[in-house]
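For reference, the structure discussed in these notes is given below.
The values are calculated or read from the model by the stated rules, or taken from the named source; none is laboratory data. Just so we're clear, the structure is a prediction, and the values are computed from it rather than from any experiment. Please note: Cβ atoms are built from the backbone with ideal geometry, for glycine as well, and neighbour counts cover all protein chains shown. The area values use the complete protein model at the heavy-atom level, side chains included, leaving out ligands, DNA and RNA. Shrake-Rupley method; radii C 1.70, N 1.55, O 1.52, S 1.80 Å.
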Amino acid sequence: MDTSNTLKIHLDRVTASQVTGKHIATGLTISGQIMMIEEIYDAKRHRNVLHVHRLHDQWRTTTIVAQAETDFSYVDSFSDGRILLVASRCDDDVDGLWLPNAFIYDTSGHLLDSYCLDDGIQNVHVDEKDQIWVSYFDEGVFADAATNSVGSFGLVVFDAHGQVVFKNKEYPIDDCYALNVCASDDAWFFYHPDYRIVHLKNGIGTSYSVPTRHFSDFIVQGDHLITTDNEQTYLLKREGQHYEEQARIQFESEKGTPLQGTIKMRQDRIVLSTETRLYAGTFQDFLPE
């Protein structure tokens, strides 16, 4: 790849996305909404609480969750509006069993359910059937067998009640670095040590090799692929069964200012979170000719 080739991509500022507290996590739902968690001190409660924002149609609705002591990493939503918050790690109790790290709230912030999705979670996506897709990094894959870990499969799908409905048994996953669930029958994931990206379509997997570079999020559009590790972002193009890097990508604001922050990708959408606000775009906005 010609390292001097840099593609500048414009992202739009998301309306009503100002961050006034500590940014915790950002997520993209299957329906196209942006979810964001920030931690804010509540003077009435005399404690920190979580504000879970749902951004859509230039509006922001906020649910206050009084569980700021949990170190949440992921946020998504079920089809009926219930909110899913998930911590990447989970503790075990005196009996050696995992404690809950997935918590479901209604839109008023009341806890409805909680369960364990196993330790060492890398990504969480909810599909249109309210199934929860979970990928795991190495500490989840190689967890103590005494805990009956399902994370050892690298990629697992749960129903809305936390029951397993699918386990990867085909691909030798040590780390499932990245996940992009476009629909219940259309999902992509990237795993180590093979450095392959897999497309699961109607239950059938097709794998492609990629350069030996780690990435945590990606989107696919036709023969093109964008990958990012939040530090470096690349555009790739498929040649047969392999993706080749074409250019580095630099995200910039509507004023041409370079943007740096936490990047989340899903379906064909990109959201970049800075310390003060969010910026977003879609692959269609800049798909190469």
Total charge of the residues flanking Y171 in space, meaning their Cβ is under 14 Å from its Cβ, with Lys and Arg +1 and Asp and Glu -1, is -1
Shape descriptors of the chain over alpha-carbon atoms, Rg and Dmax in angstrom, are 18.8, 60
Output row, site E139, 7 Å Cα→C-beta label point, backbone N cut-off 14 Å, window the stretch 62-90, residues 71-73, 87-90
Compactness check, the stretch 110-208: C-alpha Rg relative to the 2.2 N^0.38 Å globular estimate gives 1.03
Each label sits 7 Å from Cα toward the beta-carbon; between K255 and K129 the label points are separated, in nm, by 4.7
If each part is reduced to its alpha-carbon centroid, the stretch 60-137 and the stretch 259-281 end up apart, in Å, by 21
Across the chain, qualifying lysine pairs (alpha carbons under 24 Å, at least 8 places apart or different chains) come out at 15
Contour minus Cα-Cα span, S184 to E275, at 0.36 nm per residue, comes to 29.5 nm
Probe 1.4 Å, all chains present, heavy atoms only: R45 accessible area in Å², nearest 10, is 120
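With every protein chain kept in place and ligands, DNA and RNA left out, what is the accessible area per residue of the stretch 189-267? Probe 1.4 Å, answer in Å².
Averaged over the residues of the stretch 189-267, the accessible area is 44 Å².
Roughly how many debye, to the nearest 20, is the charge dipole of the stretch 129-222 about its Cα centre, given +1 on each Lys and Arg Cβ, -1 on each Asp and Glu Cβ, and no other charges? Write down the numbers at each step before the final one.
On the way: 6 positive and 12 negative charges, 52 e Å.
Dipole magnitude for the stretch 129-222 comes out near 260 debye.
Summing Lys, Arg as +1 and Asp, Glu as -1, what charge do residues with Cβ under 12 Å from the Cβ of N101 carry, N101 excluded?
Details: positive: R89; negative: D71, D91, D92, D118, D119.
That sum, taken over residues with Cβ under 12 Å, equals -4.
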Under a 1.4 Å probe, counting only protein heavy atoms, R213 has an accessible area in Å², nearest 10, of 90
Charge dipole of the chain built from unit charges on the beta carbon (Lys, Arg +1; Asp, Glu -1), centred at mean Cα; most positive-end Cα among P211, L179, L272 is L272
For T6 and I204, extending 7 Å from Cα along the Cα-Cβ vector and measuring point to point gives, in nm, a value of 4.3
In debye to the nearest 20, the charge dipole size for the chain, taken about the Cα centre with +1 at each Lys and Arg Cβ and -1 at each Asp and Glu Cβ, equals 840
Checked against the positive end of the charge dipole of the stretch 1-135 (+1 on Cβ of Lys and Arg, -1 on Cβ of Asp and Glu, about the Cα centre), the farthest of I64, H110, T20 is T20
